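One structure is given below, encoded as structure tokens.
The values are calculated or read from the model by the stated rules, or taken from the named source; none is laboratory data. Values in this document were obtained by computation on a predicted structure and should not be read as measured data. Positions of Cβ are generated from backbone atoms using ideal geometry, with glycine treated the same way; all protein chains shown enter the neighbour counts.
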Amino acid sequence: MIAQSDACSERSSRMGLYAYFRRGVQAFPASVQPRVQPRVHRWFSAIGLLLFSLVSFLGCDFVDSLPPASGLLPQGQAGYSQAGVANPQAGYANGQGNPNEVLPDSSASRSLQRTSFRPTESATGPLPVPKRTPQNTLIASFNIQAFGEKKVSDPVVVQRIVAILRLFDVTAIQEVRAMEQTVLPRLIQLVNAEGARYDFILGPRLGRSNSKEQYCYIYDTTRILSSPSASYTVNDTADLLHREPLVGRFATRVPPGYPPFTFSLMNIHTDPGEVKQELPVMHTVLRAVREYEWATAREDDVMMMGDLNAAPSKFGNLAQVPGIYWVINDQPTNTRRTEIYDNILFDRGPTNEFIGRAGVLEMTKIFGISVDEALKVSDHNPIWAEFTSVEQPSPYSTPPAYSNNQTAPAFTTQVPGQAVGGPTR
């Protein structure tokens, strides 16, 4: 929430409360007022806390001031192009990845006085996916097991995938194995069948075996700005990873006067047979991407997400990264609910846009189907996290530099010219 919301909620919680408290106590006979006063005070304190929480949650006048999301940039946002933002349709024709094409520079917005409102961390257990509002951004990750022609041609399976994708602003997808490059456009056409305006970014085919995979981002263009030209594949010069991550840059669409939440996502899928070799270097991959994003785009909100094939207890060096935070701790993410494979990780210092809500979307529950039916969609459940839609200031921006006794990463910027996007609409 922004500062004016906090001030508004404070006014609402204080307004006349203690005046009513005094009147309530004085209504009792003088002889019993000393005994009554503590009880009345507790009641009014509870009411004040409830009002403060309610108004803070609703955002006071901020909620009413935001227009519904539309397919056009809000008035006054035309300056995005002058700020170096990637045009939503840029790069679709030639698919040329350009790591220097950046989204709105969040550093300029840090001079604005904003404060964030963070709810208490959620209790253990699955949470329902929040409704998308002008104040939040929902980011998800979904390993759609062996996604290709068979699943996009199955009307039941593909409609369940479509229903899941429509819940989120951005979804990082792993395991696109389609040989036909028409599969993603067909999926997006189904997602948009009822008037939505989603698009996609598709990375190159990767893998050492004959079973190649592609990473993909699917995002709602009415709420999110991005482009294949602002995406790139990490260059693994030492060949340490089976499938190098696909990095995408995104920014929220917000009304004039509010800084957009800009963020970079690193889509990753470790190989089950090589996870013991890949996981120990994953902290180096994350650091290399963070430093590159800061150096080229002044972006401090970098998230690693996807199928790590490992629970947090197996993260090793990755868990030792200063400030690292993962949203899934003890909820199984596979469809059979036996293992934690998928996660979203980021440094919670700079990424204080995280609201504190995250979870696993259990397909058996949301569709009311059996495990066997859910397995026809995927052997993984989607995972998600909720963030604010406006950039939040943070004293923790610049990624920590390597100390003299550390080895520079074996990962560089990108494999150019590989990311492609959907048709212009």
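Listed by first and then second residue, the pairs linking a residue in the range 246-258 that is outside the structural domain of residue 229 (by TED's automatic domain parsing) and closer than 16 Å to residue 168 by Cβ to a residue that is at pLDDT 95 or above and of a type in the set (Asp, Glu), with Cβ atoms under 9 Å apart and 6 or more places separating them unless they lie on different chains, form an empty list.
Only one of these is part of a strand (DSSP E or B) and either surrounded by 20 or more Cβ atoms within 10 Å (Cβ to Cβ) or out of contact with any strand residue (DSSP E or B) (no Cβ under 9 Å at 6 or more places or on another chain) (or both): 309, 343. Name it. Don't jump to the end; show me each part of the working.
Details: 309 fails: part of a strand (DSSP E or B).
Answer to the selection: 343.
Take residue 372 and tell me if it is over 26 Å from residue 135 (Cα atoms) and in a loop (DSSP other than H, G, I, E, B). Spelling it out, it is not the case that residue 372 is over 26 Å from residue 135 (Cα atoms) and in a loop (DSSP other than H, G, I, E, B). Residue count for the range 288-306 under the criterion of being surrounded by 21 or more Cβ atoms within 10 Å (Cβ to Cβ) and either among the charged types (D, E, K, R) or not in a helix (DSSP H, G or I) (or both): the result is 10.
Could you please let me know if residue 97 is small (Gly, Ala, Ser), at pLDDT below 95 and touching a helix residue (DSSP H, G or I) at 6+ places or on another chain (Cβ under 6 Å)? Judged against the criteria, residue 97 is not a match. Could you go through the range 202-211 and let me know if any residue there is touching a Gly at 6+ places or on another chain (Cβ under 6 Å) and in contact (Cβ under 8 Å) with a residue 12 or more places away in the chain. Taking every residue of the range 202-211 in turn, none turns out to be touching a Gly at 6+ places or on another chain (Cβ under 6 Å) and in contact (Cβ under 8 Å) with a residue 12 or more places away in the chain.
Pairs meeting the criteria (first residue in the range 303-317 and in the same structural domain as residue 350 (by TED's automatic domain parsing), second residue surrounded by fewer than 22 Cβ atoms within 10 Å (Cβ to Cβ) and in a strand (DSSP E or B), beta carbons under 6 Å, at least 6 apart or on different chains) are 312/326.
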